[in-house]
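The values are calculated or read from the model by the stated rules, or taken from the named source; none is laboratory data. The model shown is predicted, which means the values in this text are computed figures rather than measured ones. Note that we place each Cβ from the backbone using ideal geometry, even for glycine, and neighbour counts take in every protein chain shown. Keep in mind that these areas ignore ligands, DNA and RNA; they rest on the heavy atoms of the full protein, side chains included. Shrake-Rupley method; radii C 1.70, N 1.55, O 1.52, S 1.80 Å.
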Amino acid sequence: MEKFQLSLLFKIIGLGSASGLIYHDNTIFAIGDNSSFLYEYQMDNNKLERHPLAENSEENIAKSLKPDFEAITKYQDSLYLFGSGSTENRTIMVQVNAKTKEVVRSQDLTDLYLSMQSFGKIKSEDFNLEGAIYYGETWFLFNRGNGKTNKNVIFTIDGKNLATEFRMVSNEYKLPKIKGVRTSFTDAILVDDKIYFLATAENTDSTYDDGEILGSIIGRIDVKKMKIDYTKKITDTNKFEGITLFKKSEKEIEFLLCEDNDTEVLESNIFKLVISD
């Protein structure tokens with residue numbers, strides 16, 4: 001995996017601060033970290049629909065009040081959206097039926113998030129969930145190490161109910177630096193037995209306040225060993241916060257990426273990243 005090509009594919013008008021996306025059947029499901037909607041973008045006709053995740057859903061929610069949905073994953077007919085946990089009001093997980101777009105349930109994961117902080121030895125001010133993977137038996141949840149202690153941690157969690165019954169192990173990673181600033185997890189996806197992850201260098205030591213963007217990398221982790229076997233810087237300027245599989249062949253793999261613009265402008269750039277042997 002030595003060559004890559006990154007290009008802007010299109011813009012989604014009406015979606016701001018994109019923080020995660022799922023590609024399925026020429027449709028993109030996306031979330032924004034300042035919104036309480038699930039967005040559905042049909043690539044064939046450029047149509048965007050909004051599906052409320054709660055009563056009185058809204059966009060451009062004030063920073064202190066927003067649910068901060070930063071991670072989305074899909075398994076079978078369900079989408080799972082996670083709040084970042086970076087403040088006490090950002091601890092909700094919402095399960096949505098991917099066919100009907102109706103909310104199946106909302107769960108408060110405060111107990112899980114507190115257990116993750118304790119088990120991973122992460123201070124509350126350094127806890128910031130930014131990626132999620134689920135494949136029916138096990139969850140992988142990714143803490144973004146953009147706090148003072150740079151705690152980039154993957155939690156592997158098994159259990160019947162994430163709110164009340166779970167078991168976990170954790171693995172901490174020292175990710176590469178860009179211009180002297182440590183990169184930190186921003187999203188991940190499972191392809192076969194490999195985790196492909198994004199990480200961004202942001203010149204801040206706060207999980208709450210934004211900083212200067214210095215670039216992003218893509219990396220790969222072997223699930224069986226939970227060891228990083230590849231990293232590559234893909235941009236000096238973009239803050240990529242979402243990754244989803246687009247196409248895969250024997251020699252190439254294509255991803256769609258979304259960019260968090262950290263503004264109130266309701267438009268999001270969708271990029272295509274092609275990696276080849």
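Points to keep in mind about this one:
- Among the residues of region 47-77, those that are open to solvent by 20 Å² or more (accessible area, probe 1.4 Å) and closer than 26 Å to Gly136 by Cβ comprise His51, Pro67, Lys74, Tyr75, Gln76, Asp77.
- Residue tally, condition more than 30 Å from His51 (Cα to Cα) and open to solvent by 50 Å² or more (accessible area, probe 1.4 Å), over region 104-124: 5
- Test: residue in region 161-172 that is out of contact with any Leu (no Cβ under 6 Å at 6 or more places or on another chain), surrounded by 15 or more Cβ atoms within 10 Å (Cβ to Cβ) and under 22 Å from Ser19 (Cα atoms): no
- Only one of the listed residues (Ile61, Ile122) is closer than 21 Å to Asp260 by Cα and either of a type in the set (Val, Ile, Thr) or assigned to a helix (DSSP H, G or I) (or both). That residue is Ile61.
- Some residue of region 102-118 being part of a strand (DSSP E or B), more than 17 Å from the chain's Cα centre (by Cα), farther than 21 Å from Lys239 by Cα and among the hydroxyl-bearing types (Ser, Thr, Tyr): yes
- Checking Leu38 against (1) outside any loop (DSSP other than H, G, I, E, B); (2) out of contact with any Pro (no Cβ under 9 Å at 6 or more places or on another chain), the condition it does not meet: (2)
- Selection count where residues are buried (at least 20 other Cβ atoms within 10 Å of the Cβ) and part of a strand (DSSP E or B), scope region 259-270: 3
- Going through (1) at pLDDT 95 or above; (2) under 18 Å from Phe185 (Cα atoms); (3) of a type in the set (Val, Ile, Thr) one by one, Thr237 falls short only on (1).
- Unmet criterion (only one of (1) touching a residue at least 40 places away in the same chain (Cβ under 8 Å); (2) open to solvent by 30 Å² or more (accessible area, probe 1.4 Å); (3) part of a loop (DSSP other than H, G, I, E, B)) for Gly136: (2)
- The lone criterion from (1) open to solvent by 10 Å² or more (accessible area, probe 1.4 Å); (2) in contact with a helix residue (DSSP H, G or I) (Cβ under 7 Å, 6 or more places away or on another chain); (3) modelled with pLDDT of 95 or more left unmet by Thr149 is number (3).
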